[in-house]
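Here's the structure, in structure tokens; my notes come after.
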Amino acid sequence: MDEHTGTDSIKFGDPCTSDITICLKNSNGRQELFHSHSSILKSNSTYFADRLSDPSFKSCLEIECTDVNYEHHLKLLKCLYLPAGSLLDAWDCVRSALGVLQVAVVLCCESIVNSCIRYLEAVPWEENEEEEISTVHALLSRRAEDFAQEQVEYMLGDDEDMPLVAADNEVKLETRTGLAKTFSSFERELSSLLESDICDAAEDRMTQCLSDLEWMCNILLKMGLMNDFVSKWIDISENVLRIMEDKKFGCIMWGSKVKLIEVTSKVLDAVGYGNVILPAPRRVQLLNSWLPFIRKIKPILESMNNKDIEFPYKMDEDLCQSIEGAIVSLVSALPSNDQAGILADWMNDEQLKYPDLSEAFEVWCFRTKSAKRRLVGGLDRVNTTVTL
């Protein structure tokens, strides 16, 4: 494709008519400047529209790329100048269309994304291209899901005047169906871990399933359906922990384990602060399932972070405080006998510094002394009555 393509009046790379410059930079420091036009970029890419609308923008727009996709970036810039009817003719091979497609997704060039997809659907693939096509397909699917999630979050967002979506029975039914499917996907991925060799892709799928469940928590809270999530989470906890604590995963899958704790923190928060009301035995079951796991994982993560500052997984301060506050609240609201068992474990082991249950212990002591005073007072009154 010639560098000067497009209409007679506006051409890519024309310094006489351009009003901005694009600088393509790769990781090795290679830079190349291209004269371009803000009107073309804005009309074909929401990414460029946002960048060019930034008040701090001057006249040169830098775009980071790699040696692998440098030419794909350049071809995309040229294609922005083509009429819509000519885009399909711009692709001459599968590899080129795949490369430009990935760049177009990142730069939010919808017309080019659609054109690449139409081309790939129409031409035959070589066997060695199928894996790359699968990778790109996964990228597109993930971005589509992210976009859909953003739209739902926007519609369910807090509004001082009026909610944008009313959670009527039909909406709740569809949401429950979606929740069931999300849990099924999670349990399926979880079960597959024991049946196959662990690879990065398997952990990525597991972490993504947990991220989906975490996102569902945010939606369900706003719709008043968090009880459905909490009940299901407690039901599957024993099996989840049985698999994740298998010796096969003793020194791996830290990202999934942290994400597991993050999801559990949502459940603890909902129950601990009264958003979900459960009978005491279910609350005890929740604590007995997850408290030992959290206590075990936190110091291991801290130790690994101390040994390697670049170790990417940890329980950050906000997460730790959230879990501790929810557990203290949860323990404090349990019947005294259940409180005593949990607090006894905490007091008997000097290593159990997290979560700090001192506040819950003080509440238990106060209630126990009050109950004892009431009992002694009642016995005294009975004895006095008998004497009289």
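Derivation of every value follows stated rules applied to the coordinates shown; laboratory data play no part. Keep in mind the model is a prediction, meaning the values are calculated, not measured. Note: ideal-geometry Cβ built from the backbone for every residue, glycine included; neighbour counts use all protein chains shown.
So what's the range 230-351 giving for Rg/Rh, alpha carbon basis, Kirkwood Rh from the mean inverse pair distance?
Working: Rg = 14.7 Å, Rh = 15.3 Å.
Result for the range 230-351 is an Rg/Rh of 0.97.
Just to be sure I understand: if I project the alpha-carbon convex hull of the range 18-122 onto a plane and average over all orientations, what area do I get in nm²?
Values: hull surface 25.7 nm².
For the Cα atoms of the range 18-122, the hull's average projected area reads 6.4 nm².
Checking the table Lys42/Lys181; Lys25/Lys248; Lys222/Lys298; Lys181/Lys353 against a 32 Å threshold on Cα-Cα, which pairs fail?
Values: Lys42/Lys181 39 Å; Lys25/Lys248 43 Å; Lys222/Lys298 30 Å; Lys181/Lys353 38 Å.
Result: Lys42/Lys181; Lys25/Lys248; Lys181/Lys353 exceed 32 Å.
Residues of the range 41-78 with amide nitrogen under 14 Å from the 7 Å Cα-to-Cβ point of Thr17?
41
Give a quick list of GluC sites (Glu not before Pro) in the range 277-365 that DSSP marks as loop, anything other than H, G, I, E or B, with at most 10 other Cβ atoms within 10 Å.
On the way: sites: Glu302, Glu310, Glu317, Glu324, Glu350, Glu359, Glu362; in loops: Glu310, Glu350.
Those that pass, being in a loop and sparsely packed, are Glu310, Glu350.
Whose amide H sits under 5 Å from the amide H of Lys11, counting only residues 5 or more places off or on another chain, with H placed in the peptide plane?
Result for Lys11 returns nothing.
Between the range 67-111 and the range 5-66, how many Å separate their Cα centres?
After rounding, the separation between the Cα centres reads 15 Å.
Return P(r) of the range 63-122 (all Cα-Cα pairs; 10 Å bins starting at 0; whole %; ordered from short to long distances).
24, 62, 13, 0
Work out from phi, with θ = phi - 60° and the Karplus expression 6.51 cos²θ - 1.76 cosθ + 1.60, the ³J(HN,Hα) of each residue of the range 43-48, listed in order in whole Hz, and give x for Gly and Pro.
6, 10, 8, 5, 4, 5
Under 17 Å from a point placed 7 Å out from the Cα of Leu319 along the Cα-to-Cβ direction: which residues of the range 209-231 have their backbone N that close?
Inside the label zone: 209-218.
Quick one: net charge around Asn26, please, counting Lys, Arg +1 and Asp, Glu -1 for every other residue with C-beta under 13 Å from its C-beta.
Summing Lys/Arg as +1 and Asp/Glu as -1 gives -3.
Under 12 Å from the Cβ of Leu357, count the other residues' Cβ atoms, weight Lys and Arg +1, Asp and Glu -1, and hand me the total.
Value of the local net charge: -4.
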